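The values are calculated or read from the model by the stated rules, or taken from the named source; none is laboratory data. Computed from a predicted model, the values in this text were never measured in an experiment. Backbone-built Cβ (ideal geometry, glycine too); neighbour counts: all protein chains shown.
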Amino acid sequence: MSSLSGAIPFPATKDGTRGRTRVDHRNSEEAALVRRVQARDEMAFREIVERYQSKVFSIIYGILRNRNDAEDIAQQVFAKIYFSIRNFDFRSSLLTWIYKITVNECYDYLRKKRVRKLVYESDFSAEDAQRMEASDPAVDPRTPVDVRLAQRDLIVKLLAKVSEQDRSLILLKEVNGHSVEELAAMTGLNENTIKVKLFRTRQKLLKAASRLTRIRTAGT
Amino acid sequence: MHRLVRDHIEDVVAGVEAAPVAEHLRACEECRRDAAAMRAQSAALRELRAPDDAEPRPGFYARVMERIEAQGPASIWNLFIESAFGRRIAVASLALALLLGVYVISSERAADQPILAGQQAQPAVVLGEDAPGRVISQMDQSSMGQSSDDAVLVNLVTYQEQ
């Protein structure tokens, strides 16, 4: 993996237009909703909760695999949104902002609880495991569930090693399935920047994984 | 990893790479190995996808509002309690207050030292076993020299205090 290290400049896109995906987050329908919440309109806040509660819950449940904790953290996420929406500056989409708060809350929770054996202590049921088997055709179905759970546990730990922004970006890409173009529109960054950030995050995760493996090997 | 693969890594990870990239991966062992590691990582990340029916229980909005009411508006004190920066400011303020306190106390003590008008600021009494005798002799000297009642009183007061 030696060739993976170092900053790698990505070339500009050939057509010269794909690199820039500017979306005006100030003049959308969503921005109007945010402004109403900023003016302390309770109905607008209710609309935001109802619009994003499933998404927020899914993100948290995907990381923690515990419904009670997911519910508790989801409530905290919306409380945080309520108190800090005045600081929302429309530089990114509301979803990106909410996503970042949600992932940060998950990692704050993990840090506070010092959850080590995350998956095994959760309420991950046999039913969940079956769903997991069937949910993603990209994952090799021959891989045993316990190995996949261990991989989940490991990737949650590794994600704690990268910055908040990188973490949100890679999760939006891999977990929520957004394309590079969509990420550019959501974040206000250009596509090349998104690609560079994603690549570097992948590099960092691999390096962190090999470091962890070395430590584990040295410890045995 | 070679630039060709690097530039198209999102396609490679998704398994939809173009023919030239696929051809390079077949020929280059290093790129093949790195691409495989990133694909495995991507698969592990996708394990974080929640099942489709992951939804909060009914009445979620009401519970959120209850929590908001319980937490109340953010207080200025939360800034000090909840953030590391705030805690540092609080510690620095305490240290500063302590320093100021020490300074005030020490300067008050210095002000309490007996300084007689027209005399050098010398200790009236250096205590030891012969302290009473020395006080009396100083009293005698001062009565012979400037003969000041105030000086005698100050010496006596200082002796008693110490």
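Selection over region A:1-56 of residues that are part of a helix (DSSP H, G or I), within 14 Å of chain B (Cβ to nearest Cβ) and either surrounded by 11 or more Cβ atoms within 10 Å (Cβ to Cβ) or at pLDDT 50 or above (or both) gives a count of 18.
When the residues of region B:49-67 are filtered to those that are hydrophobic (A, V, I, L, M, F, W, C) and surrounded by fewer than 21 Cβ atoms within 10 Å (Cβ to Cβ), the one that is farthest from the other protein chains (Cβ to nearest Cβ) is B:62. Evaluate region B:43-64: report whether one residue or more is among the small types (Gly, Ala, Ser), at pLDDT 90 or above and more than 27 Å from residue A:61 (Cα to Cα). Scanning region B:43-64, I find no residue that is among the small types (Gly, Ala, Ser), at pLDDT 90 or above and more than 27 Å from residue A:61 (Cα to Cα), so the answer is no. None of A:211, A:200 is more than 12 Å from every other protein chain (Cβ to nearest Cβ), among the basic types (Lys, Arg), in a helix (DSSP H, G or I) and surrounded by fewer than 23 Cβ atoms within 10 Å (Cβ to Cβ) except A:211.
Mind counting the residues in region A:79-122 that are of a type in the set (A, V, I, L, M) and at pLDDT 90 or above?
Residues in region A:79-122 being of a type in the set (A, V, I, L, M) and at pLDDT 90 or above: 8 in total.
When region B:27-48 is limited to residues that are of a type in the set (Lys, Arg) and either touching a Cys at 6+ places or on another chain (Cβ under 9 Å) or more than 7 Å from chain A (Cβ to nearest Cβ) (or both), the one that is nearest to residue A:175 (Cα to Cα) turns out to be B:39.
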